[in-house]
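Below is one structure, written out as structure tokens, with a few remarks after it.
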Amino acid sequence: MLNRISHIGIVVNDMQAALRIWRDKLGFKQFSEACFDVEGIRSVFLSLSGNPGEMSIELMEPVDKSDMDNPVARRLAKVGEGFYHLAVVTDDVATSGRALERRSLPIIERPPVGAAAQGRWLIHPKAANGIMVEGIEEWDILERGRR
């Protein structure tokens, strides 16, 4: 059902300042950058090798930090920068979402992002020890990088 951890999402206030830490000081290599209109965020993906398909991080900056309807902007305003979500790879988003619901986990369906054809699901942090979990298909993150 769940194959592997894809990436962790980190909310940042200033993308360039965050890149100076993660890329320039820690040595992560950027392999993708995208603006996701449906989410209202700008994301930069980094991994240790600079290649997609391995465990990576997603730096996420809200496009409009004053938009409190945007969950990422709201999180930044209330809590500040830091860990936002854990993304896991599944072969089939719809099937895995239904399976998790049968296990009494509340699933929030989300629209596709970027060039992805499939939607995503989220598990609210209240249902998973304070961690939001995002289910995506393997090619989803690869498609994000092509935008």
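Could the peptides 99-111, 48-60 be put in order, highest first, of the mean number of other beta-carbon atoms found within 10 Å of their residues?
On the way: 99-111: 12.8, 48-60: 17.1.
Ranked from most to least packed, the peptides come out as 48-60, 99-111.
How large is the dipole of the chain about the Cα centre if only Lys and Arg carry +1 and Asp and Glu carry -1, each at its Cβ, rounded to the nearest 20 debye? Intermediate results must be reported in sequence, preceding the final value.
Details: 19 positive and 21 negative charges, 74 e Å.
Result for the chain is approximately 360 debye, rounded to the nearest 20.
For a quick check: with amide H placed at 1.01 Å from N, whose amide H comes under 5 Å from Ser32's, ignoring anything fewer than 5 positions away on the same chain?
The answer is Phe45.
For Lys65, list the lysines whose Cα falls under 21 Å from its own Cα; do not include residues on the same chain fewer than 8 positions away.
Within the straight-line cut-off, Lys65 pairs with Lys78.
When the Kirkwood hydrodynamic radius is evaluated over all pairs of different C-alpha atoms of the chain, what value in angstrom, to one decimal, is obtained? Don't skip to the answer; put the middle values down first.
Values: mean 1/r = 0.0645 Å⁻¹.
This gives a value of 15.5 Å.
Short version: ³J(HN,Hα) in whole Hz for each residue of the stretch 46-55, in order, from phi by Karplus 6.51 cos²θ - 1.76 cosθ + 1.60 (θ = phi - 60°), x for Gly and Pro, what are they?
9, 9, 5, 8, x, 10, x, x, 10, 3
Tell me the relative contact order for the stretch 2-144 as a rounded percent, counting alpha carbon contacts under 8 Å between residues six or more apart. Don't skip to the answer; put the middle values down first.
Values: 292 pairs, mean separation 36.5, N = 143.
The normalised contact order for the stretch 2-144 reaches 26 percent.
No lab work stands behind these numbers, since they all come straight from the coordinates. The model shown is predicted, which means the values in this text are computed figures rather than measured ones. Here Cβ is always computed from backbone atoms with ideal geometry, including for glycine, and neighbour counts include all displayed protein chains.
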